[in-house]
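As structure tokens, the structure follows; a few thoughts come after it.
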Ligand SMILES: [Zn+2]
């Protein structure tokens, strides 16, 4: 059984663009950026402008934290110190159900799956869960498989 | 067609030692490569009046000391004994490895310099540098806030995610990557500069290799080395008076499409983004994929070669896996690919090895790998959904 992620080996430093995101995560809310002018959504919030219309005043959208696994990797060789005892683990790219936009684009987030990795597959629905860390300022969203692949929405490639 | 077509040429190639156990700092390996390129062209260092490089470290967070981790224009200007009054230089961080060659060509065409030296020096950082693995609590700020806490600090993991999506989307299997890796190794076995020159690889070797980021294994990753490759670029007229047959620069393209995926780029838009480069490349040269005698396609991670075959139009979208099996990409095949062994087997020279081999092929200098009479060869670097630059070199102007 792999060890838990050792977040003490990672000093997460929120900044001007991201402090509100981390504050929301502490309250178990998952935010993505949303443009107040055209509605476009994006993640992560490190990009301070709307790529669609150029608006420079991004706001936030609180997603329900449900989505579909777009693709994933099983990390075998750890690179980040906090994960040395955790291999193998799955990093998934998740397409958020409530962030689909006209024209086929969708907001994607990344996250580490919980220990239900053997079940992971492209197209499976999943949902966010929140993991407390030793640092009270940092709550980490993780993801778990939440159903079967029937009737999942497909990204327009 | 590009109005500069055939007006410049690559006239010299220089390699340093390519090694995983360097006995000197990267800056001195770069000087070795630069001197070798100058000598290969039949020039003297003091004739070099243009300098250009793509200096970037191989990954975010790697070291940045000049002459140790990177080799800047300033380092070569100060340590090579080039012209007392250099007329032009550029340090490019957009596009990729072909970009400083492209800039040099355009500078030469307008008369900004006479002989440009272009190099790419790459250092193999210590395995844990930049990640802080096992060393207290490294800082995760900026982009890293949304990468490091997911244990996904390496681009190999990003490529694994994209490749899994490719397999899902197009029904491909690891057989396609095995075919590419084995092709590159066979070619490297014919390339005396290749890191794996004396090491053959079997299909079993490939499938028994350990996973790094499943579904990518060790042999899907380029081999990190210390080394430098340098080129001499000059005007076609000057090149004809030098020692070697010139490899004329027929056209170039750079990846300029806007990608939808932000930090977590996956397979998205590999056709559109790669196509933005390829369309410019083909139209600049007035040539198409069918006219290439070989293709040197970037393989920092193995799937990129497959993506380029499709994005550049050598086959249709989703047909890359079929294209690379059955001997078509081998020397003697319909479209020889990475005839020098690629970054997978020659070593991580970030696309400079690809350019050097394209030059060798159209100038009859490709040793046991020579494609008889090769007249046009492309070299494309980068991963199409992310970035890239490419050139076509030709036997005749
Ligand atoms: Zn907008």
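Every number in this text was worked out from the coordinates using simple rules, so none of it is lab data. What you see is a predicted model, and the numbers here were worked out from it, not measured in a lab. Here Cβ is always computed from backbone atoms with ideal geometry, including for glycine, and neighbour counts include all displayed protein chains.
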Just round it to a whole percent: the fraction of Cα-Cα distances in the protein assembly as shown exceeding 47 Å. 13
Pick from A:26, A:52, A:142 the residue whose mean-square fluctuation is largest in a GNM of chain A, springs joining Cα atoms under 10 Å. A:52
Would you mind ranking B:205, B:220 by Cβ crowding within 10 Å, fewest neighbours first? B:205, B:220
Specify the residue with the greatest mean-square fluctuation among A:39, A:104, A:59, computed from a Gaussian network of chain A linking alpha-carbon atoms under 10 Å apart. A:104
Considering only DSSP beta bridges with both partners in the protein assembly as shown, what is the antiparallel share in %, to the nearest 5? 80
At a threshold of 8 angstrom on Cα-Cα distance, excluding pairs fewer than six apart, so keeping six or more, what relative contact order does chain B reach in percent? 24
Expressed as a rounded percentage, what relative contact order does the stretch B:178-283 have, with Cα pairs under 8 Å and six or more residues apart? 16
Cβ-Cβ FRET estimate between residue B:245 and residue B:169, R0 fixed at 45 Å, reported to 0.05: 0.55
Per residue of A:10-18, what is the mean number of Cβ atoms on other protein chains within 10 angstrom of that residue's Cβ? 5
I need the semi-axes of the equivalent ellipsoid of the stretch B:331-390: take the C-alpha gyration tensor, multiply each eigenvalue by 5, square-root it, list largest first in whole angstrom. 20, 12, 11
With the contact rule set at Cα under 8 Å and sequence spacing of 6 or more, what percent relative contact order holds for the stretch A:87-134? 36
Extension reserve of the residue B:370-residue B:79 stretch, reckoned as 0.36 nm per residue once the Cα distance is removed: 101.3 nm
Take B:120, B:240, B:210 and order them by how many other Cβ atoms sit within 10 Å, fewest up front. B:210, B:240, B:120
log10 I(q)/I(0), Debye, Cα-only chain A, no solvent, q = 0.10, 0.11, 0.12, 0.18 Å⁻¹? -0.38, -0.46, -0.55, -1.18
So for R0 = 30 Å, FRET eff. of residue A:17-residue B:1 from the Cβ-Cβ r, to 0.05, ends up at 0.10
In chain B, what % of DSSP beta bridges are antiparallel (nearest 5)? 70
CD proxy, 222 nm, chain B: helix-only mean residue ellipticity via -39,500 (n - 2.57) per DSSP H run with n ≥ 4, per residue, nearest 500, stands at -9000 deg cm²/dmol
Angstrom value of the Kirkwood radius, inverse mean 1/r, which spans all Cα pairs in chain B: 20.9
